[in-house]
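A short worksheet on the structure shown next.
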Amino acid sequence: MDERKGRLTKDGIRIYDPADFAGMHAAGALAASILDRIAEHVEPGQSTAALDKLITEWVEEAGATSATIGYKGYKHASCISVNHVVCHGIPGDKTLKDGDILNIDVTVIVDGWFGDTSRMYVAGKLPRKAERLIQVTHDALMKGIEAAKPGNTFGDIGAAIQTYVESNRMSVVRDFCGHGLGRVFHAPPNVLHYGRPGTAATLEEGMFFTIEPMVNLGRPETKVLADDWTAVTRDKSLSAQFEHSIGITADGADIFTLSPAGTFHPTYG
Ligand code: MF3
Ligand code: CO
Ligand code: CO
């Protein structure tokens, strides 16, 4: 037996086996392909409940399981967060309007492995200031992934994201973070999207986690609505988010949730 199986670091972060990457790729690819398929259905007049219904069907069709249905009482296969909703938007009957921007977040379980990814969409025509927000948020995620390699720390990832976002005069949400995942949905560590270089745990080959920065055009503060899920910007400014699930390799990161269609970003792939 591989002596590394089941090993936890001193920070309580699980180190997975090289063979486990295949399971994460299968789960990640399904989640990403569902996000690819939903794109053509995002249009003005469509309700977010109708989008969630399609996602629910596609997860079932694939013989997979939704990780979010039944999770802490959540009832849907996706979170759909429109405009100033930061994350955990609940699908509902309200219909999309021209120029709305939205994050759709899907987590599936395939053979026990979790694939968690989200990306931005637009209903109709993308407003100019939303376009900039979406690009900065996407690029911030990619800067975080570039910093994800053995020997770097989680603080290096957070600092890369924060520095980039703030240099574009936008703000990073502090109230929600990425997370370890694998055979569980949420595990150590908390992956902060802000921080100082060289701080927090050191990355090692075999760690699996998400990076999922939420970026606001205005201030970073959020509040959770009375439904106990929906998080919104306190100042009502627009918010965007992208999320990948990744695994640390010998010299970098393996992205499990790459878009099979190459449409992770709504305008530039
Ligand atoms: N997919 C979300 C994440 O990125 C978690 C959603 S939990 C839910 O961690 F219950 F709100 F769906
Ligand atoms: Co996540
Ligand atoms: Co997610």
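The values are calculated or read from the model by the stated rules, or taken from the named source; none is laboratory data. Since this is a predicted model, take the numbers as computed values, not measurements. When we count neighbours, we look across all protein chains shown, and the Cβ atoms used for this are built from the backbone with ideal geometry, even at glycine. The protein model used for the area step is the full one, side chains on, heavy atoms only, and it has no ligands, DNA or RNA in it. Shrake-Rupley method; radii C 1.70, N 1.55, O 1.52, S 1.80 Å.
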Report summary line: Only one of (1) in contact (Cβ under 8 Å) with a residue 60 or more places away in the chain; (2) open to solvent by 50 Å² or more (accessible area, probe 1.4 Å) does not apply to residue 186, and that is (1)
Query raised in the report: Could we say that residue 145 is within 16 Å of ligand 3 (Cβ to nearest atom) and of a type in the set (Val, Ile, Thr) here?
Result: yes
Report summary line: Here the residues within region 139-178 that are crowded, with 22+ Cβ neighbours inside 10 Å, under 15 Å from the mean Cα position of the chain (by Cα) and closer than 19 Å to residue 217 by Cβ are 140, 141, 161, 172, 173
**Report entry** Residue that is free of Cβ contacts under 8 Å to residues at least 60 places away in the same chain, in contact with a strand residue (DSSP E or B) (Cβ under 9 Å, 6 or more places away or on another chain) and of a type in the set (D, E, K, R), where the choices are 212, 221, 204, 243
**Finding:** 221
Requested in this report: Run down 100, 52, 2, 17 and say which single residue is modelled with pLDDT under 95 and open to solvent by less than 70 Å² (accessible area, probe 1.4 Å).
Outcome: 2
**Report entry** Evaluation of residue 46 against (1) more than 18 Å from the chain's Cα centre (by Cα); (2) over 27 Å from residue 216 (Cα atoms) (one fails), failing number
**Finding:** (2)
**Report entry** Restricting region 86-97 to residues that are open to solvent by 20 Å² or more (accessible area, probe 1.4 Å) and under 22 Å from residue 215 (Cα atoms), the residue that is farthest from ligand 3 (Cβ to nearest atom)
**Finding:** 97
Query - Those residues of region 230-250 which are open to solvent by 10 Å² or more (accessible area, probe 1.4 Å), more than 22 Å from residue 181 (Cβ to Cβ) and not polar (S, T, N, Q), in sequence order - result: 234, 235, 236, 238
Query raised in the report: Hey, among the residues in region 62-114 that are touching a Cys at 6+ places or on another chain (Cβ under 9 Å) and over 23 Å from residue 263 (Cα atoms), which one's nearest to ligand 2 (Cβ to nearest atom)?
Result: 68
